[in-house]
Amino acid sequence: MKRISPGLFVVLAAAAAVHLAVALQDFATLARNGFLYDDSFYAFQIARNIAHGEGATFDGIHATNGFQPLYVAALVPLYWIAGDNATLPVHLALVLSALLTVATAFLLHRIVARRASETAALIVAGAWAFSPIVVRQAANGLETALALFCFALSVDYYLARVRPLAAPSRRAFVALGALLGLALLARIDLGFLALAMSLDYLLVVRARVRAGEASARWRRNLAAGVLTGALVWAPWAIYGVVSVGSPISESGRATRHLAIAYAPFFNLASPGDAADGPDAAFMARHLERSLKSLKVTPAVHPLLRGTRKLSDRAGVGEPVTNALGVAVLSGFFVWWWRRRRAAREFDFLLLFSVMMIAAYSTYVFGVFFFLRYYYPLYFVGMIFAGLAIDDAAAWVRARSLSVRRVALVASGIYAAALLYMGYTSAFRTIRVYGFYDAARWVSTHTDPSETIGVFQGGAIGYLSQRRVVNLDGKVNADAYQALRAGHLNEYVRGAHIDLVLDSARVLDLFLGPWSREDRERIVREAVFVGAEHGVPGWIGYRVTPARGFNAGSAGSPGPSQMQPGR
């Protein structure tokens, strides 16, 4: 193996120090300041239940496949080690993610160094490791860092051991198939990588066949790789069919439904727009939001963020930033078209990116509140940024001394801006989520025998030491079916839930419509008013047979009657 250069060693060591410092912050800080998502605690709770012999379940009642299996499998030993300690496994999981992030920066350097200079590869590795999006997502408590490591490892292996060789060995295809199978287990949407890679290799073979250079065994070798990947992933699919009746993740199905329902909250739709399923206009708005989500790619983030701040101060608002974003994207495609012959081996990554954007803009949705879905796309962006930096450096070196000085100063300012943004993202103290405080209220104000129903129930279920039933269907197939059928109110009663707790907007959306009397009664008799406990906008009310929640008394169909996608 080629020795690590001193510059790369310094970058990786500094990255390790920063990401480990974030991972080891106070638990309450991680939970409140937007590092740990609520969904993170679904994975933590399921892993804890598996470690304690209760099976793959969040609430101890419903079996689930609403999680990414490779990540949860990695968490289970941490709970064996930690015993009853609830916070130590979380910190250990974040340490693991930090180390995987450093390893991914190393792989990014290797991938870029194939077609660009050492300097360009070093720049993009550092920009990636210290950027705001990576600092935040590496400590989100989910499979994000692990999935990207599997992605990067698969790409690196394909580019080194399969694509450039006239006759790759069957062992190489089997190894690649195993890596892609693990990538699927890490995150199911990485199946688009396997598809894009397969199409790319078929084009490579086609060109070699025409030139008379293709191996006669390429079909059998490719089939061996595909079979290996399928065998790695198959046990998880079989488990899904046995446990919940489908190989498709519960969380994936629920996320699509929730993304459609929540769209009005993000000005992406009007209430009722998606009652008959998302239409072309709905998809177009999500495509626009998808493209805007690319602005956090580290190579362009400081430019677009700085422009947005300046345009806001000047009173011209978002249009200027949008225009600049269009210009940057157009410039990229012009550059790529001119350079495509020298970097054709990376084209499958563009195909992968197009597939991801198409899927999340026309079917899955949800990128508007989960930037982590596009985490691999930001990584792909940095690969092409490395090639562009190399070209830009060559252009600058051929210019006058004054041009070189201006370029050096601009690069320094840009690097300083990116590092500052990364630092503030790593150690800011702005409270983002109230799940931690809601969980504290539940643990001190409810009886251990009570069952709590929550839509955003991950952190509350993990931290409160109460039985918490998920109501949005991510890890509860029964709730998902009731939600889609518009019978969630009946499900709440039938599941013997004692207390319903969540954001008032979410309760109104899925348990509404409320009559005026219902709304006044719920607000007046709420046992939990979030604003008084650090969770603004949340309420909780008890469900009793005598004075149960009377949903539907307004007489008009509400959001719980929506059946998106049907």
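The values are calculated or read from the model by the stated rules, or taken from the named source; none is laboratory data. Bear in mind the structure is a predicted one, so any value in this text is a computation, not a measurement. Glycine gets a Cβ as well: all are built from the backbone with ideal geometry, and neighbour counts include every protein chain shown.
Observations on the model:
- For L268: the one exception among (1) outside any helix (DSSP H, G or I); (2) surrounded by fewer than 15 Cβ atoms within 10 Å (Cβ to Cβ); (3) not small (G, A, S): (2)
- Only one of the numbered conditions (1) at pLDDT below 95; (2) over 16 Å from D39 (Cβ atoms) is violated by D59, and that is (2).
- Cβ-Cβ contacts under 8 Å between residues 6 or more apart (or on different chains), taken from a first residue in region 309-321 that is of a type in the set (G, A, S) to a second residue that is outside any helix (DSSP H, G or I), are listed as S311/G317.
- Qualifying positions in region 393-409 - surrounded by fewer than 15 Cβ atoms within 10 Å (Cβ to Cβ) and closer than 23 Å to F333 by Cα: A394, W395
- Tally, over region 505-517, of residues that are touching a Gly at 6+ places or on another chain (Cβ under 9 Å) and surrounded by fewer than 19 Cβ atoms within 10 Å (Cβ to Cβ): 3
- Only listed residue being under 21 Å from L12 (Cβ atoms), out of contact with any Leu (no Cβ under 7 Å at 6 or more places or on another chain), among the hydrophobic types (A, V, I, L, M, F, W, C) and crowded, with 23+ Cβ neighbours inside 10 Å, chosen from A125, A160, A121, A105: A121
- Within region 86-110, residues that are more than 13 Å from A138 (Cβ to Cβ) sit with their Cβ atoms under 6 Å from residues that are modelled with pLDDT of 95 or more and among the acidic types (D, E), at 6+ positions apart or across chains, in these pairs: L107/D156; R110/D156.
- Only a single criterion out of (1) surrounded by 16 or more Cβ atoms within 10 Å (Cβ to Cβ); (2) among the aliphatic types (A, V, I, L, M); (3) assigned to a helix (DSSP H, G or I) is not satisfied by A116, namely (3).
- Of all the listed residues (D472, D391), the sole one being in a helix (DSSP H, G or I), over 20 Å from F35 (Cβ atoms) and either at pLDDT below 95 or not polar (S, T, N, Q) (or both) is D391.
- Some residue of region 445-453 being surrounded by 14 or more Cβ atoms within 10 Å (Cβ to Cβ) and part of a loop (DSSP other than H, G, I, E, B): yes
- For the residues A224, A237, the requirement of being in contact with a helix residue (DSSP H, G or I) (Cβ under 6 Å, 6 or more places away or on another chain), of a type in the set (A, V, I, L, M, F, W, C) and either assigned to a helix (DSSP H, G or I) or surrounded by fewer than 15 Cβ atoms within 10 Å (Cβ to Cβ) (or both) singles out A224.
- Where a residue in region 413-434 is in contact (Cβ under 8 Å) with a residue 60 or more places away in the chain and not assigned by TED's automatic domain parsing to the domain that holds V529 and its partner, wherever it lies, is assigned to a helix (DSSP H, G or I) and among the aromatic types (F, W, Y), with Cβ under 6 Å and at least six apart: L419/F130; G422/F130
- Search result, residues across region 12-29 that are over 25 Å from the mean Cα position of the chain (by Cα) and crowded, with 16+ Cβ neighbours inside 10 Å: none
- Close pairs (6 angstrom Cβ cut-off, 6 or more residues apart or separate chains): more than 13 Å from Q68 (Cα to Cα) in region 26-45, assigned to a helix (DSSP H, G or I) and among the aliphatic types (A, V, I, L, M) anywhere: L36/L30; D38/A459
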